[in-house]
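Heads up: the structure comes next, in structure tokens.
Each reported figure results from applying straightforward, stated rules to the coordinates on display, with no laboratory input. Just so it is clear, the model here is predicted, and its values are computed rather than measured. A quick note on method: Cβ atoms are made from the backbone with ideal geometry, for glycine too, and the neighbour counts reach across all protein chains shown.
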Ligand SMILES: Cc1cc2nc3c(=O)[nH]c(=O)nc-3n(C[C@H](O)[C@H](O)[C@H](O)COP(=O)(O)O)c2cc1C
């Protein structure tokens, strides 16, 4: 159901006219690094941060979850800021929480370049980054020395490429142990399609081994599991039962997909597909999990959210919080304000004063 109160505000016009054509001319990964650098630079000074807030900061929609307070339910998804370089920037453009990483125990270069591809026509990205990252020790040192944001901070944790699957639990736990003092919670990523066999770790016994080991080190901080959209219903329910049964705080649904639309509209590159073509499948998975858990277990919904209608759909199907990545590339930073203010308008026009009333609204 579309709603006029949810109409996206015209925040991204400047970005679309000036920045997007420039970015479109550049290699995807280089454009990504330059955009991160620009955000970091602007948010360095007080005046820069003030400018970001004036231009982009949305209204507040306070949410409490996992014992944490979120100024709004929209977060930055994993992979955008793998090294936690621009946290001041994300906070000042209005994200309600930030997920940094993925980080593995050992530093690694990831797959050969090019490994990130953009398709403006379908508003999608394909990536096969392969967990390029600075490793858990360097990340912990960086987090210790850097600015700690005023919004909840989650760390996305993956497995090092050279660590055997049977030792995966130790790899995940080491990263959690190193970074524990500096973040508010962890997302166990067993669903990236770009590390060989990683997604096998979604199997019950392997997943349980990882969760149990991680929990030995995470004290009371929330631990969530991030799943793939390419699983069958039974597998998804089984993962949910395992993670929930072992006391995980919730689930992140979903990661990128290896499937491609049948109409062949998507470019022919291997890797994980994100953005608009992922939207419906990710919502289906959210709905399945919400139905299976009677809406009582927190779901962070991610996949193809690019406007307020998409966000509303995810939440009304059961997402407690939401995240985005790809639409930031296509719409620019104004997408955050457009979504959050649109949600706030929609709540007001429907006489809803608590965000929690929106969660699972279409399931009831
Ligand atoms: C270039 C790129 C890198 C990503 N890296 C990670 C990662 O390290 N860990 C992870 O869990 N998800 C990663 N993701 C997946 C996103 O967090 C998100 O789940 C996915 O892109 C779907 O959201 P979107 O459609 O809003 O982009 C990555 C996505 C992209 C495009």
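What the Cα atoms of the stretch 238-342 give is an Rg and a Dmax of 14.4, 41 Å.
From the Kirkwood radius over Cα pairs of the chain, Stokes-Einstein at 20 °C and 1.002 mPa s returns a whole-number translational diffusion coefficient of 106 µm²/s.
Measuring nothing but how far apart in sequence close Cα pairs (under 8 Å, 6+ apart) lie, relative to its length, the stretch 96-184 scores a relative contact order of 41 percent. Extending 7 Å from the Cα toward the beta-carbon at both residue 363 and residue 27 defines two label points whose distance is 4.4 nm. So for the chain, averaging the separation of alpha carbon pairs under 8 Å that are six or more residues apart and normalising by length, what relative contact order in percent results? Across the chain, relative contact order equals 20 percent.
Summarised as an ellipsoid, the stretch 158-238 has semi-axes of 21, 15, 11 Å, derived from the eigenvalues of the Cα gyration tensor scaled by 5 and square-rooted, with the largest first.
Please give the FRET efficiency for residue 234 paired with residue 137, using the beta carbon to beta carbon distance and R0 = 45 Å, rounded to the nearest 0.05. Please report the intermediate quantities before stating the final value.
Numbers: r = 39 Å, r/R0 = 0.86.
So, using R0 = 45 Å, E works out to roughly 0.70.
Were the residues from residue 34 through residue 294 laid out at 0.36 nm apart, the gain over their Cα-Cα distance would be 89.3 nm. Separation of the stretch 186-262 and the stretch 276-337, taken as the distance between their Cα centroids, equals 17 angstrom. Note on the chain: GNM, Cα springs under 10 Å; of 110, 75, 338, the largest mean-square fluctuation is that of 110.
When 294, 204 are ordered from fewest to most other Cβ atoms inside 10 Å of their Cβ, what list results? Don't jump to the answer; show the numbers that get you there.
Working: 294 10, 204 13.
Ranked by crowding around the Cβ, least crowded first: 294, 204.
If the elastic network links every pair of Cα atoms under 10 Å, which of 208, 38, 311 fluctuates the most in the Gaussian network model of the chain? Highest fluctuation of the listed residues: 38.
Given R₀ = 30 Å, FRET efficiency for residue 258-residue 47 by Cβ-Cβ distance, to 0.05?
Details: r = 45 Å, r/R0 = 1.48.
Computed FRET efficiency for residue 258 and residue 47 comes out at 0.10.
Highest GNM mean-square fluctuation among 61, 251, 103, for the chain modelled with Cα contacts below 10 Å: 61.
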